[in-house]
């Protein structure tokens, strides 16, 4: 009689921390977010960036 048991594999340390060391060292992978382009409070155009690896956001006003 066989059991239908799927073997559990833990993620290795390399897979678990992939990309975190780069972001911690200041090497983010920025991508442009085009949700909001104009900030009403500042009255300026704003470009938003989000890191693809860790999700940190930053905004640069023009």
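Being touching a helix residue (DSSP H, G or I) at 6+ places or on another chain (Cβ under 6 Å), surrounded by 13 or more Cβ atoms within 10 Å (Cβ to Cβ) and modelled with pLDDT of 80 or more is the requirement here; does residue 23 meet it? Before you say what the answer is, go through the steps one by one.
Working: touching a helix residue (DSSP H, G or I) at 6+ places or on another chain (Cβ under 6 Å): no; surrounded by 13 or more Cβ atoms within 10 Å (Cβ to Cβ): yes; modelled with pLDDT of 80 or more: yes.
When the stated conditions are applied, residue 23 does not pass them.
Considering (1) exposed (fewer than 11 other Cβ atoms within 10 Å of the Cβ); (2) over 12 Å from the mean Cα position of the chain (by Cα), the lone condition that residue 55 does not fulfil carries the number (2). For the stretch 26-50, the candidate set comprises residues that are at pLDDT 85 or above and exposed (fewer than 10 other Cβ atoms within 10 Å of the Cβ); within that set, the residue that is farthest from residue 62 (Cα to Cα) is 26.
The values are calculated or read from the model by the stated rules, or taken from the named source; none is laboratory data. Not measured: the values here are computed from a predicted model. For neighbour counting, all protein chains shown are included, and Cβ atoms are generated from backbone atoms with ideal geometry for every residue, glycine included.
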